[in-house]
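Data first, discussion second: the structure below is written as structure tokens.
The values are calculated or read from the model by the stated rules, or taken from the named source; none is laboratory data. Everything numeric in this text was worked out from a predicted model, so none of it was measured. All Cβ positions, even for glycine, are placed from backbone atoms using ideal geometry, and neighbour counts span all protein chains on display. These accessible areas exclude ligands, DNA and RNA; they are computed on the full protein's heavy atoms, side chains included. Shrake-Rupley method; radii C 1.70, N 1.55, O 1.52, S 1.80 Å.
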Amino acid sequence: QVQLVESGGGVVQPGGSLRLTCTASTSGFSRLAMAWHRQAPGKEREWVGGIDRSGSTAYADSVEGRFTISRDNAKNTVYLQMNSLEPEDTAVYYCQAHYGAVYWGQGTQVTVSS
């Protein structure tokens, strides 16, 4: 069983930045593939990007060049650095871990508004 806790959400103006953090409660964090998803009001949850065990990353077209995912295996933590935020990025952001089974965090709200 893996528990994931996200933090770092909040309200930011368009063009601003936020960094989300997801910390996992497992000694096997380095074996996990990690991803970020988001769900905007009235929309389905969508994949934002992911990072595999080797540190390779991939991103959705909508965030490519603006968002960066990184991980610190010593801290059991994955990060989502979000720059040049747009109102369309407003959503609840979820951390996901995958190693056989799939695990989800509780989500953190990001609101981009002037």
E46 at pLDDT 95 or above and under 16 Å from G107 (Cβ atoms): yes
Tabulated pairs, region 65-78, first touching a residue at least 12 places away in the same chain (Cβ under 8 Å), second in a helix (DSSP H, G or I) and open to solvent by 50 Å² or more (accessible area, probe 1.4 Å), C-beta under 7 angstrom, 6+ apart or interchain: N73/S30
Filter result for the condition that a residue is of a type in the set (F, W, Y), open to solvent by 20 Å² or more (accessible area, probe 1.4 Å) and either assigned to a loop (DSSP other than H, G, I, E, B) or out of contact with any helix residue (DSSP H, G or I) (no Cβ under 7 Å at 6 or more places or on another chain) (or both), over W47, W36: W47
Among the residues of region 87-110, how many are surrounded by 14 or more Cβ atoms within 10 Å (Cβ to Cβ) and either outside any loop (DSSP other than H, G, I, E, B) or not small (G, A, S) (or both)? 15
Just for region 57-81: of the residues that are in contact with a Gly (Cβ under 9 Å, 6 or more places away or on another chain) and among the aliphatic types (A, V, I, L, M), which one is most open to solvent (accessible area, probe 1.4 Å)? A58
